[in-house]
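The values are calculated or read from the model by the stated rules, or taken from the named source; none is laboratory data. This is a predicted model, so every value here is computed, not measured. Note that we place each Cβ from the backbone using ideal geometry, even for glycine, and neighbour counts take in every protein chain shown. For the accessible areas, the whole protein counts, side chains as well, though only heavy atoms, and no ligand, DNA or RNA atoms are used. Shrake-Rupley method; radii C 1.70, N 1.55, O 1.52, S 1.80 Å.
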Amino acid sequence: MVTSMLSLALGERVSENLAMTGELTLTGVVLPVGGIREKITAAKRSGVTKVILPKLNEKDWDELPDFIKEGISVHFCENYDQVFDLAFPNISSEYRKKDQQPIAASA
């Protein structure tokens, strides 16, 4: 939801072939979710090649059979700054300079 609202507000499309899942706290921490196998399978069937998962779901990814993981580039994120960089690769550096605070605080 956050990424779709930012996409609208910024007038910038999210990267193509990208899927993501996870819960987000008000401070920007990405929380784990269930059903990773089903979500990856559905994403793959839809032609998705790049997936963003919560860092705490890395074990779930590791347990998937290779034939499910094949063709999927996975990125594990702990906070929304990392998600933002992956979803909006063309504008990330515009909105954050080295001396500025991150978009969302990480815990």
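Out of all the residues in the stretch 4-18, is one or more more than 17 Å from residue 91 (Cβ to Cβ), in contact (Cβ under 8 Å) with a residue 12 or more places away in the chain and either part of a helix (DSSP H, G or I) or among the aromatic types (Phe, Trp, Tyr) (or both)? Please lay out each step first, then the result.
At the first step, the residues of the stretch 4-18 found to be more than 17 Å from residue 91 (Cβ to Cβ) are 17.
Next cut, in contact (Cβ under 8 Å) with a residue 12 or more places away in the chain only: 17.
Now restrict to residues that are either part of a helix (DSSP H, G or I) or among the aromatic types (Phe, Trp, Tyr) (or both): none.
No: the stretch 4-18 contains no residue that is more than 17 Å from residue 91 (Cβ to Cβ), in contact (Cβ under 8 Å) with a residue 12 or more places away in the chain and either part of a helix (DSSP H, G or I) or among the aromatic types (Phe, Trp, Tyr) (or both).
Among the conditions (1) surrounded by 12 or more Cβ atoms within 10 Å (Cβ to Cβ); (2) at pLDDT below 95; (3) under 16 Å from the mean Cα position of the chain (by Cα), the only one that residue 102 does not satisfy is (3).
Of all residues in the stretch 15-42, those being at positive phi and of a type in the set (Lys, Arg) number 0.
Does residue 50 fit the bill of being surrounded by 13 or more Cβ atoms within 10 Å (Cβ to Cβ) and over 19 Å from residue 89 (Cβ atoms)? Lay out the reasoning, then the answer.
Numbers: surrounded by 13 or more Cβ atoms within 10 Å (Cβ to Cβ): yes; over 19 Å from residue 89 (Cβ atoms): no.
Judged against the criteria, residue 50 is not a match.
Would you check if there is a residue in the stretch 52-72 being without any contact (Cβ under 8 Å) to a residue 12 or more places away in the chain and of a type in the set (Phe, Trp, Tyr)? Scanning the stretch 52-72 turns up at least one residue that is without any contact (Cβ under 8 Å) to a residue 12 or more places away in the chain and of a type in the set (Phe, Trp, Tyr).
Checked against (1) open to solvent by less than 80 Å² (accessible area, probe 1.4 Å); (2) of a type in the set (A, V, I, L, M); (3) not in a loop (DSSP other than H, G, I, E, B), residue 33 passes all but a single condition, namely (3).
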